[in-house]
Amino acid sequence: MTADHTRAPVLEALDEYRRKGHLSFTPPGHKQARGADPAVREVLGDAVFHGDVLASGGLDDRLTRGRVLQRAQELMADAVHAEHTFFSTCGSSLSVKAAMLSVAGPHEKLLIGRDAHKSVVAGLIISGIEPVWVEPRWDAERHLAHPPSADDFERAFEAHPDARGALVTSPTPYGGCADLRAVAEVCHRRSRPLIVDEAWGAHLPFHPGLPSWAMDAGADICVTSIHKMGSGLEQGSVFHLQGGLVPPALLGMRADLLGTTSPSVLIFAGLDGWRRQMALHGEELMGGALDLAGEVRSAIEEIDGLHVNDRDDFCGPGLSDDLDPLPGVIDLAGLGITGFQAADWLREHRQIDAHLVDHRRIGAQITHGDDRETTGQLLEALRDLARVARDLPRAPRVEVPSPAELRMEQAVLPRDAFFGPAEDVPVARAAGRVAAEMITPYPPGIPAVLPGERLTEPVLAYLRTGLAAGMHLPDPTDPELETVRVLAGNAEGSETGHATRS
């Protein structure tokens, strides 16, 4: 039967709930805004509270006879060519953990690109999975990581034939993409599943001019953040499944283990409405976004000191296999300022929020929600930035390690290090010690230090100088990084397991 993508089961159920005038003696306790704080109602509006109903026993009946969520998930799967889809209201941070736990268990190996998001590392800590790190392809000139290649995963499987599967991040927050079809073939020759963390790729299925979508490329599980490049609400995520290597009931059980028992219907509604929008109008909307992004890229290239990274910069031998042009990564090297300075100036003086920020770049993400008015403001702000850049204080230099220096020995499994006996030591004495915490420049959220890695001076210098230059480090125990949490001295000699590197 052909799916009817004009329907939106969650939105329709919410509308029916309102029309029937349901009177709830269940959570949420605000009771359709009546009990909410007046100041909160003034800022948020009552519509938020009107859409905030109990998912089961409210939106749907206790036995889910209406199958509201199930029908919405089936429509989403059809729209993106998947066999099964699961909604998550806890972001892709939950979705990717559920995917990992459905492929490998405690003390089993999983091949993982080392450019993975911190949520993947959190999944390792929770699960006790042993990571086999697959090195990204490094651009030493631009100090940038691109996804590992299919050959990289092939070599990793040859070295670790007992690995239960593989996980690759594509697109990266910078827009670089892996050859997912080739990576999937490497996995499937061994009857091993491929997980794709495609959090930045919600838009990919809906226009032929965009890089290949993970399900079309043969991935087994794909995790997507609808709130990033789609138009869902924050924390709206979906994960898709196809093929016979991972049973859908198992994936659902792992997700249920991690997920909330009080999911947000507001987030469900955002996912449902976005699917309908894309299924009906996606190619037109994404085509418009691509055209607009092309215009913005050309205009930025005309600003002295700015360069928008393109395929010539990011794709080729030893780099990415494809590029999503919508993240709009702007190199500021020609202005002589850091991305941290640029982002701070744009926010303070032009009320423009950049997304991705590092020592030499900012990201200006374009989606189907932009138009010439919003991009015109961005371009004018960038022109102003270029004019004032020479007058900005010189930023402290960030000591970015070489690719070889950036990688550290994984001496202890992430789980064992995170939960092991720990102590805080001065950063000047931390080199050589085993980290007991994550340290993650954010955004984009790729850890520079993992629990269980043996700290080195180049990485510590990178983090110290980055922090002084404006880098945001949300997760270390000491936000000033004067101390680092490491395994206690007597714990380092009693390592219970080792992660490995391909």
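The values are calculated or read from the model by the stated rules, or taken from the named source; none is laboratory data. This is a predicted model, so every value here is computed, not measured. Here the Cβ is made from the backbone with ideal geometry for all residues, glycine too, and neighbour counts use every protein chain on show. Accessible surface areas use protein heavy atoms only, side chains included; no ligands, DNA or RNA. Shrake-Rupley method; radii C 1.70, N 1.55, O 1.52, S 1.80 Å.
This table checks each residue for (1) assigned to a loop (DSSP other than H, G, I, E, B); (2) open to solvent by 60 Å² or more (accessible area, probe 1.4 Å).
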residue: Arg7; (1), (2): yes, yes
residue: Gly29; (1), (2): yes, yes
residue: Asp52; (1), (2): yes, no
residue: Arg71; (1), (2): no, yes
residue: Ser92; (1), (2): no, no
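Would you tally the residues in segment 280-315 being in contact with a helix residue (DSSP H, G or I) (Cβ under 8 Å, 6 or more places away or on another chain) and open to solvent by 40 Å² or more (accessible area, probe 1.4 Å)? So that I can check it myself, show each step before the final result.
Of all residues in segment 280-315, those in contact with a helix residue (DSSP H, G or I) (Cβ under 8 Å, 6 or more places away or on another chain) come to 282-283, 285-286, 292, 295-296, 299-300, 303-308, 310.
Cutting the leftovers down to open to solvent by 40 Å² or more (accessible area, probe 1.4 Å) gives us 283, 285, 295, 304, 307, 310.
Of the residues in that region, 6 qualify.
Which one is most open to solvent (accessible area, probe 1.4 Å), of the residues in segment 123-137 that are touching a residue at least 40 places away in the same chain (Cβ under 8 Å) and assigned to a helix (DSSP H, G or I)?
Per the stated criteria, the residue is Ile126.
Counting only residues that are in contact with a strand residue (DSSP E or B) (Cβ under 8 Å, 6 or more places away or on another chain) and of a type in the set (Lys, Arg), which one in segment 341-368 is nearest to Gly287 (Cα to Cα)?
Arg361
Which of the residues spanning segment 451-460 are outside any strand (DSSP E or B) and open to solvent by less than 10 Å² (accessible area, probe 1.4 Å)?
Pro451, Gly452, Leu455, Val459, Leu460, listed by residue number.
So which residues in segment 187-214 are among the aliphatic types (A, V, I, L, M) and part of a helix (DSSP H, G or I)?
Within segment 187-214, just Leu204 meets the criteria.
Any residue in segment 315-333 that is touching a Leu at 6+ places or on another chain (Cβ under 6 Å) and farther than 16 Å from Tyr174 by Cα?
No, because not a single residue in segment 315-333 is touching a Leu at 6+ places or on another chain (Cβ under 6 Å) and farther than 16 Å from Tyr174 by Cα.
Pairs needed: first member in segment 467-490, at pLDDT 95 or above and surrounded by 19 or more Cβ atoms within 10 Å (Cβ to Cβ); second member anywhere, assigned to a loop (DSSP other than H, G, I, E, B) and of a type in the set (Asp, Glu); C-beta distance under 8 Å; at least 6 residues apart or different chains.
Qualifying pairs under 8 Å: Val484/Glu437; Val484/Asp478; Arg485/Glu437; Arg485/Asp478.
Quick check, is Ala184 part of a loop (DSSP other than H, G, I, E, B) and closer than 17 Å to Ala150 by Cα?
no
Has segment 138-150 got any residue that is part of a helix (DSSP H, G or I), open to solvent by 10 Å² or more (accessible area, probe 1.4 Å) and touching a helix residue (DSSP H, G or I) at 6+ places or on another chain (Cβ under 9 Å)?
Checking segment 138-150: at least one residue is part of a helix (DSSP H, G or I), open to solvent by 10 Å² or more (accessible area, probe 1.4 Å) and touching a helix residue (DSSP H, G or I) at 6+ places or on another chain (Cβ under 9 Å).
Taking only segment 73-90 into account, find how many residues are surrounded by fewer than 21 Cβ atoms within 10 Å (Cβ to Cβ) and not in a helix (DSSP H, G or I).
Count: 4.
Among the residues of segment 223-237, are any surrounded by 18 or more Cβ atoms within 10 Å (Cβ to Cβ), of a type in the set (D, E, K, R) and farther than 17 Å from His81 by Cα?
For segment 223-237, residues surrounded by 18 or more Cβ atoms within 10 Å (Cβ to Cβ), of a type in the set (D, E, K, R) and farther than 17 Å from His81 by Cα: present.
Scan segment 154-177 residue by residue and report those that are under 19 Å from Met215 (Cα atoms) and open to solvent by less than 10 Å² (accessible area, probe 1.4 Å). Reasoning before the result, please.
Start the filter on segment 154-177 by keeping residues that are under 19 Å from Met215 (Cα atoms), which leaves 165-172, 175-177.
Hits for segment 154-177 are Gly165, Ala166, Leu167, Val168, Ser170, Pro171, Thr172, Gly175, Gly176, Cys177.
Could you grab me the full set of residues in segment 94-121 that are aliphatic (A, V, I, L, M) and either in a strand (DSSP E or B) or under 20 Å from Val183 (Cβ atoms) (or both)? Show your work before the answer.
The first filter runs over segment 94-121 and keeps only residues aliphatic (A, V, I, L, M), leaving 94, 96, 98-101, 103-104, 110-112, 116, 120-121.
Of everything in segment 94-121, those that are aliphatic (A, V, I, L, M) and either in a strand (DSSP E or B) or under 20 Å from Val183 (Cβ atoms) (or both) turn out to be Val96, Ala99, Met100, Val103, Ala104, Leu110, Leu111, Ile112, Ala116, Val120.
Looking only at residues in segment 344-392 that are closer than 20 Å to Gly470 by Cβ and without any contact (Cβ under 8 Å) to a residue 24 or more places away in the chain, which one is least open to solvent (accessible area, probe 1.4 Å)?
Top of the filtered list is Ala354.
Looking at Leu63 and the list (1) modelled with pLDDT under 95; (2) open to solvent by 50 Å² or more (accessible area, probe 1.4 Å); (3) not in a loop (DSSP other than H, G, I, E, B), which single condition is not satisfied?
(3)
Of everything in segment 152-177 that's touching a residue at least 24 places away in the same chain (Cβ under 8 Å) and either acidic (Asp, Glu) or touching an Asp or Glu at 6+ places or on another chain (Cβ under 6 Å) (or both), which residue is nearest to Ile366 (Cα to Cα)?
Gly175
For residues in segment 183-198 being of a type in the set (A, V, I, L, M) and under 18 Å from Ser102 (Cα atoms), which is surrounded by the fewest Cβ atoms within 10 Å (Cβ to Cβ)?
First pass over segment 183-198, keeping only residues of a type in the set (A, V, I, L, M): 183-184, 186, 194-196.
Restricting the remaining residues to those that are under 18 Å from Ser102 (Cα atoms) gives 184, 194-196.
Working: Ala184: 25, Leu194: 27, Ile195: 29, Val196: 32.
If we take residues in segment 183-198 being of a type in the set (A, V, I, L, M) and under 18 Å from Ser102 (Cα atoms), then Ala184 is surrounded by the fewest Cβ atoms within 10 Å (Cβ to Cβ).
Take the residues in segment 400-423 that are in contact with a helix residue (DSSP H, G or I) (Cβ under 7 Å, 6 or more places away or on another chain) and part of a loop (DSSP other than H, G, I, E, B), then tell me which one is surrounded by the fewest Cβ atoms within 10 Å (Cβ to Cβ).
Restricting attention to segment 400-423, the residues satisfying the condition of being in contact with a helix residue (DSSP H, G or I) (Cβ under 7 Å, 6 or more places away or on another chain) are 400-401, 405-406, 408, 414-415, 418, 420-421.
Still in the list and also part of a loop (DSSP other than H, G, I, E, B): 400-401, 408, 420-421.
Numbers: Val400: 17, Pro401: 18, Met408: 20, Gly420: 21, Pro421: 12.
Taking the candidates together, the pick is Pro421.
Of the residues Leu251, Leu319, Leu245, Leu332, only one is in contact with a Ser or Thr (Cβ under 8 Å, 6 or more places away or on another chain), in contact (Cβ under 8 Å) with a residue 12 or more places away in the chain and closer than 24 Å to Pro136 by Cα; which?
Leu332
Restricting segment 103-119 to residues that are at pLDDT 95 or above and open to solvent by less than 10 Å² (accessible area, probe 1.4 Å), which is farthest from Val449 (Cα to Cα)?
Ala104
So in segment 439-450, with the set limited to residues that are farther than 15 Å from Val425 by Cα and over 14 Å from the mean Cα position of the chain (by Cα), which one is surrounded by the fewest Cβ atoms within 10 Å (Cβ to Cβ)?
Ala448
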